[in-house]
Every structure is written in C-alpha cells, then in structure tokens.
Amino acid sequence: MGGITKLRRTRIATSLAVRAGAAMLAVSVPFAAPAQEEAVRIDVERLVPTPGALLETYAGTVRASEISGLSYGARGCIVAVSDDAKRRRVAEAGQVLVELDDQRSILALTTAEARLQDMQAAVEERQLSIEAAIADRSRREQELEFVSREFQRNSAMFRRGLINETTMEAVERRMMDAKFAAERAQEALDSATSAKKRAEIAVEIGRLEQQSAEIDHEKLILSAPFDGVLVGFEANAGDCVQEGELAAEIYAPSQKAVDIFVLISNLSATRPTGVAIGEAVSVVRINGERCGGTITRIDTEADLEAQYVRTTIDVEGPCAEGLFLNEAVEVEAGKAGLDDLYTVPTGAIQGDNRVFLVDEETSRLVAVVAEIVMRGEWDSVVRLAGAEGRLIAVAVDGDTADGQLVALRR
C-alpha cells in the first residue's frame with residue numbers, strides 16, 4: 001500500500017510539473033494579434049475651378065508703326081496746294097500735294113533739250129564726214145592701184161632699156177604721191193571716226209543733263225508716296241520754302257502700334273502673364289472695343305530707376321484703322337481660355353510639383369503631379385485634369401505618401 005501511494009504521489013507531482021511548464025510557456029510566448037494602421041490627420045479643401053483667364057493689364061499709347069516725312073526737293077515759292085488733301089488730311093498714292101514755281105526749271109529743261117538736239121546733229125555731221133572720208137579713201141586706193149600697175153610696167157620697160165631714167169623717176173614720184181594720198185585718206189577717216197565718238201559722248205552727257213533737268217523739275221512737285229494720313233500739312237500758296245524743309249508726315253492708317261512699359265520681371269515666355277516676342281495680346285479702347293495684337297519688339301534698354309522696358313505691339317490691320325494717334329488704350333497680356341485651373345495654397349504643393357488628393361471612398365491619399373501655372377507666396381494656380389470637386393490636402397500632421405490612410409480634421 002505504501003508503494004502504491006508513493007507511486008501515485010509521484011505521478012501527481014509529475015502531472016503538476018508538466019502543467020506548470022505549459023503555463024510558463026504560454027506566458028512567455030503570447031499570441032501575435034494583427035497591428036492596426038494609424039490614420040494621419042489632415043486639413044482639406046474642396047477644389048473649385050478658377051476662371052480660365054490669367055491676364056495682366058498695361059497702359060499703352062497708340063502710334064503709327066512707320067511714319068514717313070515729306071520734304072521739299074527744291075527751294076522756291078508755292079504756287080498751288082491740294083485743298084482736298086489739306087482739308088481731309090488724307091492722300092492717295094501719287095496725288096499732287098504742293099507745286100512750286102517752275103518757270104526757271106522749265107527754262108533749264110528747255111535749254112537742256114535744245115543742247116541735246118544740237119549734240120545729236122553734231123553726231124550726224126560726224127557721220128557724214130566719215131562717209132566722205134570712206135569715199136575719198138576708196139578713190140585714193142583705186143588711184144594707188146592704177147599707179148602701181150603703171151610702175152610695174154615702166155620698171156619692166158626700164159630694165160629692157162626701152163625708157164630712160166628720167167621717165168622712170170617721174171613714174172616713181174607719181175607712185176609715191178598716190179601712196180601718200182591713200183595714207184592721208186585713211187588718217188582723215190580715223191579722225192572723222194574719233195570725232196564722231198566724241199560727239200556721241202557729248203550726246204550722252206547732254207542726255208544726262210536733260211535727265212538732271214527733268215529730275216529738278218519733278219522736285220518742284222510734292223506728291224504722296226502711298227495711300228495714307230497726313231500729319232502737320234500746313235502749306236499755303238505764296239509761301240517760300242527751302243530744299244529739305246519738312247512739308248508734312250504721312251503714315252498708313254492700317255499700320256499702327258501700341259507702346260507699353262513692362263517690368264523686367266514680367267519678361268517671360270513661360271509665365272502665364274509673362275510678356276515675350278510673338279505673344280498675342282488684346283488692345284482695349286476706352287469705348288470697350290477690342291483689337292488683336294502681337295508683341296513684335298522689346299527694347300534692349302531699361303529705365304535706370306524703375307526698371308521698365310518699352311515694348312511694342314503691332315495692332316491687327318482692320319481694327320488699327322479706327323485707332324487714333326496718341327490714343328490711350330489698355331493692353332491685356334497673358335493666357336486666356338485655360339481650363340482645369342484651381343487656386344490652392346502654395347504649401348499644398350510638395351516636391352516635384354506633387355499635390356495629394358483624397359479618395360473619399362477609401363480615405364487614402366492619391367499623389368498627382370500638378371502643372372504650375374502661377375506660383376505665389378501664399379496661393380498658387382495649378383492645372384489638374386478632372387479634379388473638380390475633389391478634396392486636396394492642405395495641411396498634414398506627419399509624413400505623407402501615396403496611399404496613406406488619413407482622417408479629416410473637422
């Protein structure tokens with residue numbers, strides 16, 4: 001009995017020891033429950049589209065793109081003025097505006113024409129002299145040929161002793177005289193030819209003098225070079241003017257420009273309100289009329305103190321005709337008609353121009369790259385396709401990443 005009791009005690013002790021060890025194992029290795037994701041608290045704004053016109057307005061002044069001066073080509077006294085051009089201040093191409101006294105000019109032109117005719121007659125006379133010299137040379141050559149044959153016959157007869165020496169000398173003298181006469185005829189022909197060339201040169205000089213007289217005569221008439229508007233045309237009959245004196249200015253009504261002054265900081269082709277050559281702008285008149293225009297020139301010199309640069313805008317032709325010189329207008333420069341524009345706090349834009357939108361169904365962030373249209377110190381304008389009405393994170397407690405679980409602060 002004692003052995004059985006002892007054996008039972010041993011088994012009970014062993015069972016208790018096993019249970020105690022299992023309990024200790026359960027305490028040292030607890031059960032691993034899944035961790036819960038912590039939501040980041042954020043502030044959001046609802047995206048509302050910004051009007052799609054980002055424009056900068058400048059004050060401008062209208063002027064003629066090109067204005068030409070009309071000056072008197074000669075000095076003299078005015079005998080006629082175009083009353084129509086003076087009254088309407090408009091001229092057509094080729095229209096005579098002013099006529100100067102042309103009596104002396106006509107006399108000089110007539111004299112030049114008469115001198116030219118005299119020189120042309122001299123050329124004809126030289127031609128007659130050449131023809132006469134040619135005829136004389138032909139006769140002398142025939143005579144020389146005849147005397148040469150006679151000389152040959154007499155030479156043969158002299159060698160045979162049929163004629164004496166005196167007769168042979170007389171034939172030789174006639175031969176020599178004929179040769180000298182032929183040479184003088186050729187010299188006379190050369191002299192006549194040279195005289196004709198000099199006469200022809202004189203004719204060219206006379207023709208140039210006549211053209212010069214014609215040009216001087218044309219200078220007495222002041223005409224409009226093209227269709228245009230006259231400025232400062234105050235000529236009166238009886239006034240005497242000097243050569244080179246300004247009579248008026250003329251410009252084409254369809255070619256007008258507007259000058260504005262732009263800060264150097266606004267000279268940019270990438271900014272929405274930046275000014276750059278080739279950019280299209282709108283010219284707005286006081287009465288509300290709008291004209292299209294294009295920036296064609298930016299000066300290379302800025303105002304020393306204000307740092308303004310003069311910029312020139314060419315106005316479209318059909319609208320430019322209605323503008324007045326020195327008219328004050330406004331110029332709207334910038335990009336109009338942009339869509340998907342939103343104004344957001346500048347702090348909402350992260351590196352690489354990313355912003356975080358909120359997926360309201362899953363309460364998670366969605367990283368989107370925004371196109372920065374205009375960045376400001378506090379607010380910026382961005383382009384986000386199809387983002388109207390969505391929530392954008394503007395302030396976040398903690399780190400953010402694409403797919404981050406968030407909780408909205410109320």
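The values are calculated or read from the model by the stated rules, or taken from the named source; none is laboratory data. None of these values were measured; they are calculated from a predicted model. Because the Cβ atoms are built from the backbone with ideal geometry, glycine has one as well, and the counts that use them run over all protein chains shown.
Of the residues L107, L55, L7, which is aliphatic (A, V, I, L, M) and either part of a loop (DSSP other than H, G, I, E, B) or at pLDDT 80 or above (or both)? If you could, list the steps in order and put the result at the bottom.
Values: L55 fails: either part of a loop (DSSP other than H, G, I, E, B) or at pLDDT 80 or above (or both); L7 fails: either part of a loop (DSSP other than H, G, I, E, B) or at pLDDT 80 or above (or both).
Testing whether each residue is aliphatic (A, V, I, L, M) and either part of a loop (DSSP other than H, G, I, E, B) or at pLDDT 80 or above (or both) leaves just L107.
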Of all residues in segment 201-240, which are touching a strand residue (DSSP E or B) at 6+ places or on another chain (Cβ under 7 Å), hydrophobic (A, V, I, L, M, F, W, C) and surrounded by 15 or more Cβ atoms within 10 Å (Cβ to Cβ)? L220, I221, L222, A224, V229, L230, V231, F233, A235
Scanning segment 59-73 for residues that are crowded, with 20+ Cβ neighbours inside 10 Å and touching an Asp or Glu at 6+ places or on another chain (Cβ under 8 Å), the one farthest from G228 (Cα to Cα) turns out to be G60
Taking E125 and the conditions (1) under 30 Å from V203 (Cα atoms); (2) not in a helix (DSSP H, G or I), which numbered condition does it fall short on, given that it satisfies the others? (2)
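Suppose the filter is of a type in the set (V, I, T), closer than 17 Å to V44 by Cβ and at pLDDT below 85; does T400 pass it? First the steps, then the outcome.
Values: of a type in the set (V, I, T): yes; closer than 17 Å to V44 by Cβ: yes; at pLDDT below 85: yes.
It is true that T400 is of a type in the set (V, I, T), closer than 17 Å to V44 by Cβ and at pLDDT below 85.
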Every residue in segment 323-341 that is modelled with pLDDT of 90 or more and over 22 Å from the mean Cα position of the chain (by Cα), please. L323, F324, L325, N326, E327, A328, V329, E330
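Run down A156, A170, A182, A135 and say which single residue is in contact with an Asp or Glu (Cβ under 8 Å, 6 or more places away or on another chain) and either in the same structural domain as E200 (by TED's automatic domain parsing) or within 27 Å of E200 (Cα to Cα) (or both).
Values: A156 fails: in contact with an Asp or Glu (Cβ under 8 Å, 6 or more places away or on another chain); A170 fails: in contact with an Asp or Glu (Cβ under 8 Å, 6 or more places away or on another chain); A135 fails: in contact with an Asp or Glu (Cβ under 8 Å, 6 or more places away or on another chain).
Step by step, each of A156, A170, A182, A135 is checked, and only A182 is in contact with an Asp or Glu (Cβ under 8 Å, 6 or more places away or on another chain) and either in the same structural domain as E200 (by TED's automatic domain parsing) or within 27 Å of E200 (Cα to Cα) (or both).
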Could you look through segment 162-189, keep only residues that are in a helix (DSSP H, G or I) and β-branched (V, I, T), and pick out the one that is nearest to E145 (Cα to Cα)? V171
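Residue-by-condition table, conditions (1) touching a residue at least 12 places away in the same chain (Cβ under 8 Å); (2) assigned by TED's automatic domain parsing to the domain that holds A202:
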residue: V81; (1), (2): yes, no
residue: R87; (1), (2): no, no
residue: A91; (1), (2): yes, no
residue: A108; (1), (2): yes, yes
residue: M119; (1), (2): yes, yes
residue: Q152; (1), (2): no, yes
Could you list all residues from segment 352-373 that are within 53 Å of the chain's Cα centre (by Cα) and of a type outside the set (A, V, I, L, M)? D352, N353, R354, F356, D359, E371
Can you tell me which of V147, V96, V123 is under 53 Å from the mean Cα position of the chain (by Cα) and either hydrophobic (A, V, I, L, M, F, W, C) or farther than 19 Å from R184 by Cβ (or both)? V96
Pull out all pairs, ordered by first then second residue, where Cβ-Cβ is under 7 Å, the residues are six or more apart or on different chains, the first lies in segment 293-308 and is on the phi > 0 side of the Ramachandran plot, and the second is assigned to a strand (DSSP E or B). Q307/L263
Subset of segment 154-196 (residues that are of a type in the set (K, R) and exposed (fewer than 12 other Cβ atoms within 10 Å of the Cβ)): R159, R160, R173
The condition from (1) touching a residue at least 40 places away in the same chain (Cβ under 8 Å); (2) buried (at least 16 other Cβ atoms within 10 Å of the Cβ); (3) more than 22 Å from E279 (Cβ to Cβ); (4) touching a Leu at 6+ places or on another chain (Cβ under 9 Å) that A348 misses is numbered (4)
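Give segment 204-248 a look and list any residue that's part of a strand (DSSP E or B) and among the aliphatic types (A, V, I, L, M), or say none.
Filtering segment 204-248 for residues part of a strand (DSSP E or B) gives 221-223, 228-231, 240-241, 246-248.
Result: I221, L222, V229, L230, V231, V241, L246, A247, A248.
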Residue that is over 30 Å from E327 (Cβ atoms) and not hydroxyl-bearing (S, T, Y), where the choices are A252, A248, A185: A185
Taking segment 370-405 and keeping residues within 18 Å of G347 (Cα to Cα), in contact (Cβ under 8 Å) with a residue 40 or more places away in the chain and either in a strand (DSSP E or B) or polar (S, T, N, Q) (or both) leaves V373, M374, V381, V382, R383, L391, I392, A393, V394, A395, V396, T400
Go through the residues of segment 246-254 one by one and say whether even a single one is touching a residue at least 12 places away in the same chain (Cβ under 8 Å), exposed (fewer than 12 other Cβ atoms within 10 Å of the Cβ) and either assigned by TED's automatic domain parsing to the domain that holds V90 or not acidic (D, E) (or both). yes
